[in-house]
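Here the structure is laid out as structure tokens; the discussion comes afterwards.
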Amino acid sequence: MAVRPRPLTVAGVAVAGIVFLLVAGTIAAVAVRADGGAGLRPSDLAAIRFTLWQAVLSAILSVGLAVPVARALARRRFAGRRLLVTLLGAPFILPVIVAVLGLLMVFGRGGWINAAGTGMGLPPVSIYGPWGVVLAHVFFNLPLAVRLILQGWLAVPSERFRLAASLGLGPWATFRLIELPILRGIVPGAALIVFLVCTTSFAVALALGGGPRATTIELAIYQAFRFDFDLGRAALLALVQLAVTVAAATLALTVALPDTLGGGLDRHVARWDLARRWPDGIRIGLAALFLLLPLAALILRGVPNLAGLDTSAWLAAMRSVVTAMGATVLTLCAALPVAVAMQRLRWGRVVEGLASLAIAASPLVVGTGLFILIFPLVDPALMALPVTALVNAAMALPFAIRAIGPQVAQTEARYGPLADSLGLTGAARLRLLILPRLCRPLGFAAGLTAALSMGDLGVVALFADGRSETLPLHLYRLMGAYRMDDAAGAAVLLLALSLGAFWALDRGGRVDAGA
Amino acid sequence: MLALENVVIRLDDFGLRADLAVPPQARVAVMGPSGAGKSTLLGAIGGFVLLSGGRIAFDGQDITTLHPAARPVATIFQDNNLFPHLTVARNVALGITHRRPDTATRARVADALMQVGLDGFGDRLPGSLSGGQQGRAALARALVRDKPLWLLDEPFAALGPGLRARMIALVDAVAARAGATVLMVTHDPTDAAALGGEIVVVANGMAAAPRPAARLLADPPPALAAYLRR
């Protein structure tokens, strides 16, 4: 058989190389620029301590609360269960700053909880500070942990529960013999994922943290930029952040991590060891309330203020939409060739690993490196949107590859021989076989990228000024100025844009998908 | 004429030898126990399995190293013969062109669909066809490809016995009109008998030369007898 040059494969390898250069290049820039002379200050050590402390606590709380909720969801069938499980996936595409504002509406100084508390004569609680950061992290990661654990639960063959029933095992014996082993397998991995996510948390710490007691390393990087304009220190902190991420990721390699994008969670496992319904009902109800109340509060406050948004908010929204579109196009153009090359090449796993490398470096570390590289050449504010789109695309790429890869493999396995026998190669193979079969995962990946990019408050905070701020950054500034009505309006707009982009693109992939 | 000269196929711990010739327009059933290498033999002729030794020639031309699409061969696989996202007509038209079909192509496709009894099914998606109709559509594409050698890798295995017999009769009739040679893998001696022609027995690492089906089935050699015994 003649070996032909295959453009998509070549492009896939090239993308992997570019991502590697982006990550390695920015890390190199950070390493060269890092000012080691001054060493770490006490405040930096406090930032490292706080980063680890809040990540551990967030992981323990998220997973600890997720276990009873996942257990209840796995064994109960009720109206709205499917919707609830779908909603549990929503925080992934929910803009962080929007959720933080929602939490403020419920738990903040003038929020519902404090209003109820002072009515009963209780002292006000404050959401700002270390506990606010942990609260927000649990809000985001509890649903993720529930989905991960639910997946493990539903992977148990239903025969095993039938066997338990036929042996007459009670709830406690069933838990010990069947459910505990599942938890042992999945809980460490789930906790580690939450821990990893929380070590690179920036937007939550930016909005709710700060000060000596609640500054994460990422926030310290930002402050070195914005307040001191000390690039050497920012670079040094970026190296510290990188060390923490790499250490945590190395730890993660020793534990089997569950798949975060899995589907099919609307299955229900029939059980025979169930007694009263209400304890499970309470668990599910409380979790749903915790997740839905902040969004409800935000929407109630924000919708009436939508009309009052000024020009700067709408301009920021336009910049966000353009940036998200750019990131989405970039991600799709990168993910498709990588997924194809991964499948065709013997060392496909290397290609996948290189293309996913951005996940090992946090966005702010890459952003710091890019700033150091760009700063001598052009005004960083001019580059804010392209750089944000680029970093968003690099961060979304691993998820896009994971979404597309299996479908490429399946398509080639099923229809590869037929396509070969018909001489379908190159553009014709792409047009007639690969693209039509990939509609769904491509739409999903596009929706994911667009939503993530739309709501991203990270790199853009380093680069942008008033002329180039995106909607999340604008929203953050409104919150900083305590213009809460305007902030709520902008948050509802951002929420609608993010979820709308995801819905439209994901939906677009499903239309016309044929049989 | 199809000629396999000292062909050796080696895949991990599996090995198959073949040294045989198939005359033009023959009807050959390929039989033998599971795992003996029936599909592998067809894969080698179709260009999906590389040879470790020997050569394959068709009408004197060496095709051993040709790309599957460049061989004088149309393959009908066990399943996945149709792209599920394209209409039946478009699937058949892919045997002629990868571009949007023009008027002449559409006419040829319609004619092929008529020959296999799928008149008026062109605009349907494969998912809405029955198993037998999908087999017919795959046959229509083999027809328009205008290749002299058809390889059928158990395409009707999932069909009931009556429908299978009708499909084999259809293959025979359509191939006769096209002047094609047919090699068909099957498990069922009834299919081999229905196809008429000859049988190639694949067993014990060897593909034997074709022998007349009627005589072979009446007095099977040990390898075939062991396979046929229930």
ask   = Of all residues in the stretch B:78-107 being facing chain A (nearest Cβ under 10 Å) and not in a loop (DSSP other than H, G, I, E, B), which is least open to solvent (accessible area, probe 1.4 Å)?
value = B:ASN91
ask   = Only one of (1) assigned to a helix (DSSP H, G or I); (2) assigned by TED's automatic domain parsing to the domain that holds B:GLY35; (3) of a type in the set (A, V, I, L, M, F, W, C) fails for B:LEU152. Which number is that?
value = (1)
ask   = Given the structure, is B:ALA169 without any contact (Cβ under 8 Å) to a residue 12 or more places away in the chain, in a helix (DSSP H, G or I), among the aliphatic types (A, V, I, L, M) and open to solvent by 40 Å² or more (accessible area, probe 1.4 Å)?
value = no
query = Of (1) away from chain A (no Cβ under 14 Å); (2) open to solvent by 50 Å² or more (accessible area, probe 1.4 Å), B:GLY162 satisfies all except one. Which?
reply = (2)
query = Is it the case that A:PRO417 is free of Cβ contacts under 8 Å to residues at least 24 places away in the same chain, in a helix (DSSP H, G or I) and either open to solvent by 40 Å² or more (accessible area, probe 1.4 Å) or out of contact with any Lys or Arg (no Cβ under 9 Å at 6 or more places or on another chain) (or both)?
reply = yes
task = Starting from residues that are small (Gly, Ala, Ser) and open to solvent by less than 30 Å² (accessible area, probe 1.4 Å), keep the ones in the stretch B:202-214 and report whichever is nearest to B:PRO33 (Cα to Cα).
result = B:ALA203
remark   = Checking B:ALA142, B:ALA69 in turn, the sole residue that is free of Cβ contacts under 8 Å to residues at least 24 places away in the same chain, within 11 Å of chain A (Cβ to nearest Cβ), small (Gly, Ala, Ser) and not in a strand (DSSP E or B) turns out to be B:ALA69
query = Within the stretch B:108-131, how many residues turn out to be surrounded by fewer than 20 Cβ atoms within 10 Å (Cβ to Cβ) and either under 22 Å from A:PRO417 (Cβ atoms) or among the β-branched types (Val, Ile, Thr) (or both)?
reply = 4
Tally, over the stretch B:215-225, of residues that are in a helix (DSSP H, G or I) and either open to solvent by 80 Å² or more (accessible area, probe 1.4 Å) or in contact with a strand residue (DSSP E or B) (Cβ under 8 Å, 6 or more places away or on another chain) (or both) = 7
inquiry  = Can you go through A:ALA451, A:ALA445, A:ALA409 and tell me which one is over 18 Å from A:VAL366 (Cα atoms), out of contact with any Leu (no Cβ under 9 Å at 6 or more places or on another chain) and either among the basic types (Lys, Arg) or assigned by TED's automatic domain parsing to the domain that holds A:THR323 (or both)?
reply    = A:ALA409
ask   = For the subset of the stretch A:142-160 comprising residues that are open to solvent by 10 Å² or more (accessible area, probe 1.4 Å) and not aliphatic (A, V, I, L, M), which member is farthest from A:SER62 (Cα to Cα)?
value = A:GLU159
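The values are calculated or read from the model by the stated rules, or taken from the named source; none is laboratory data. The model shown is predicted, which means the values in this text are computed figures rather than measured ones. Cβ: placed from backbone, ideal geometry, glycine included. Neighbour counts: every protein chain shown. Side chains included, ligands, DNA and RNA excluded: accessible areas come from the protein's heavy atoms. Shrake-Rupley method; radii C 1.70, N 1.55, O 1.52, S 1.80 Å.
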